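Q: Sharing a structure below in structure tokens format, with a few things to ask.
The values are calculated or read from the model by the stated rules, or taken from the named source; none is laboratory data. These numbers were taken from a predicted model, which means no experiment stands behind them. Heads up, the Cβs are rebuilt from the backbone with ideal geometry, glycines too, and the neighbour counts pull from every protein chain shown.
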Amino acid sequence: MPEHNRMDATLPSVFAQLTSAPARRVRVLTIVFHPDVERIGERWVLQGSRRKPLVLGRQQPAFVRAGGDMGRPLDDPHVSRQALHMRFRDAGVTLAPVADACRCRLNGEWVQAARDFTAADVRRGVVLQLAHSVVLLLREVPAFSHGNGETAASSAAAFSGLLGSSDYMQALRRDIARVARCGLDVLIRGETGSGKELVARAVHGASERAAGPLVPVNMAAIPPGVAAAVLFGSARGAFTGAERNSVGYFQQAEKGSLFLDEVGDTPAEVQPQLLRALQEREIQPVGGALRTVDVRVISATDAPLDGPDSTFRSALRHRLGSAEICVAPLREHPEDIGELLCHFLQQACAETGSPTLLPTPESDPLEVAQWAELFTLCQRYAWPGNVRELGNCARQIVLQGEGGLLPAMLLQPIAAEVADSPAEVPAPSPVELGDDALRALLKQERYEVSAAARRAGMSRQALYRRLPALGLRLAAQVPEAELQAALARANQDVAAAATALRVSAIALRSRLAHQRAAPAGSGEA
């Protein structure tokens with residue numbers, strides 16, 4: 001048969017796309033605070049695109065605990081059966097209080113008319129309060145895959161400290177479980193206070209080395225001159241004062257895991273010594289012979305390891321990161337703030353021997369309202385110190401709490417610290433702003449220092465220090481007579497008075513609320 005008459009069929013072509021498609025996103029309503037604190041962390045997920053308004057109230061929708069299948073409504077008697085209409089749009093959401101229903105609060109403001117929130121607002125998160133008793137967070141989040149049960153009961157103890165019911169925390173626990181089983185060295189990256197040490201302990205606890213030791217080392221605290229002896233040990237007589245053999249951290253972690261904390265701050269002189277130990281799994285004690293070690297290395301840092309300005313050796317960086325876990329800051333999974341705060345409060349009560357502070361459904365309504373106010377404030381704060389800062393805040397609340405009721409004096413500093421700082425990623429500025437630029441930025445942000453500091457790429461403390469040079473002041477520094485005159489001119493409109501005084505409206509409201517709460521004759525202004 002001639003060659004050109006062969007009937008070879010051409011097989012269809014296939015095309016591969018290695019870049020990932022944009023992550024699917026869902027809208028989630030999470031219980032931040034409820035008089036029944038066991039309900040904190042339950043959520044409702046909007047399935048698909050919903051064009052009909054959702055009626056939010058006492059009996060709908062049904063909130064579910066992560067991993068559960070039975071939902072429950074809010075079922076709080078102070079919340080109206082129909083409290084708020086929620087109309088979802090591609091570009092955001094419209095929230096409309098129902099006439100003659102319980103009061104509704106949106107992002108700290110009690111409202112009587114419908115409010116539109118943009119898609120960006122919903123991605124940052126909108127804090128809703130129904131009546132005095134229930135606080136919710138509406139947020140659009142990536143839809144993480146739920147995996148196939150990698151964090152089974154057999155390793156549940158390893159994850160006991162990694163709390164949170166958000167999709168992000170569930171995905172993080174699954175990632176940790178997968179990395180723990182692979183046996184590779186692990187590099188954990190994340191901001192200070194984000195829980196890197198908890199992740200390291202979970203990796204070790206869920207691995208085959210869990211029965212072995214986990215030895216933590218603060219690499220930033222090792223003096224270069226004694227680094228070799230501290231890390232690898234020393235033989236007797238190796239140097240003056242070495243009267244016996246010493247065992248270094250690598251040997252102490254034999255058959256287990258070595259946790260190199262703050263590895264990004266390892267002195268430059270120590271990095272080559274560490275690289276050889278990681279590459280060859282061989283160490284040489286000072287004055288001793290080479291020996292092999294069986295150890296898994298888990299590292300953590302909040303320092304940048306890449307880029308032209310980094311002094312960290314690239315070879316060491318890639319050796320540490322055979323597997324890598326990035327821990328997100330708390331502001332990127334704010335759905336967990338209420339659950340974490342509740343846990344830290346209960347933990348602090350147990351540590352200090354204090355009676356349980358948190359309310360119950362039978363608690364006095366004023367007490368419930370104060371707790372709802374606290375959780376609302378904490379939900380709106382960006383927590384630059386992440387989970388560690390939240391835990392410290394909870395301990396301070398327990399130390400200052402009195403008989404289960406939060407004093408107004410305790411809420412005042414928290415309100416001043418939390419004031420109107422929604423959870424969003426800071427945008428660093430490549431240059432320091434001059435006085436005129438800072439004044440203009442503060443005016444744009446309505447003199448809210450937290451928001452202006454984020455946009456300027458500087459700390460709030462640094463911006464506070466520059467206020468006097470800018471001719472500005474804090475709401476607490478406005479003389480009482482000047483404040484009352486401004487309120488009178490603004491017909492008691494606090495926001496308008498704050499603009500005229502060039503101070504934060506949130507801080508000014510907090511000052512006025514504190515003055516109203518102060519006992520008569522106390523002399524507080």
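Q: With the requirement that a residue be among the hydroxyl-bearing types (Ser, Thr, Tyr), exposed (fewer than 13 other Cβ atoms within 10 Å of the Cβ) and in contact (Cβ under 8 Å) with a residue 40 or more places away in the chain, what does region 263-317 give you?
A: Answer for region 263-317, where residues must be among the hydroxyl-bearing types (Ser, Thr, Tyr), exposed (fewer than 13 other Cβ atoms within 10 Å of the Cβ) and in contact (Cβ under 8 Å) with a residue 40 or more places away in the chain: just Thr311.
Q: From the residues in region 263-301 that are out of contact with any helix residue (DSSP H, G or I) (no Cβ under 7 Å at 6 or more places or on another chain) and assigned to a loop (DSSP other than H, G, I, E, B), which one is farthest from Ile176 (Cα to Cα)?
A: Applying the filter and picking the extreme gives Gly287.
Q: Right, something else. Taking into account only those residues within region 194-220 that are of a type in the set (Lys, Arg) and part of a helix (DSSP H, G or I), which is surrounded by the fewest Cβ atoms within 10 Å (Cβ to Cβ)?
A: Here the answer is Arg201.
Q: Do you know which of the residues in region 79-100 that are among the basic types (Lys, Arg) and in contact (Cβ under 8 Å) with a residue 24 or more places away in the chain is surrounded by the fewest Cβ atoms within 10 Å (Cβ to Cβ)?
A: Arg81
Q: Does Gly108 satisfy the condition of being at pLDDT below 90 and of a type outside the set (A, V, I, L, M)?
A: yes
Q: Take region 44-82 and flag every residue that is in contact with a Ser or Thr (Cβ under 8 Å, 6 or more places away or on another chain) and closer than 21 Å to Val368 by Cβ.
A: Gly57, Arg58, Asp76, His78, Val79 - these are the residues of region 44-82 that are in contact with a Ser or Thr (Cβ under 8 Å, 6 or more places away or on another chain) and closer than 21 Å to Val368 by Cβ.
Q: I'd like the full set of residues that are surrounded by fewer than 16 Cβ atoms within 10 Å (Cβ to Cβ) and assigned to a helix (DSSP H, G or I), limited to region 333-358.
A: Gln347, Ala350, Glu351, Thr352 - these are the residues of region 333-358 that are surrounded by fewer than 16 Cβ atoms within 10 Å (Cβ to Cβ) and assigned to a helix (DSSP H, G or I).
Q: So which of Val127, Val122, Val93 is assigned to a strand (DSSP E or B) and under 15 Å from Val26 (Cα atoms)?
A: Exactly one residue qualifies, and that residue is Val93.
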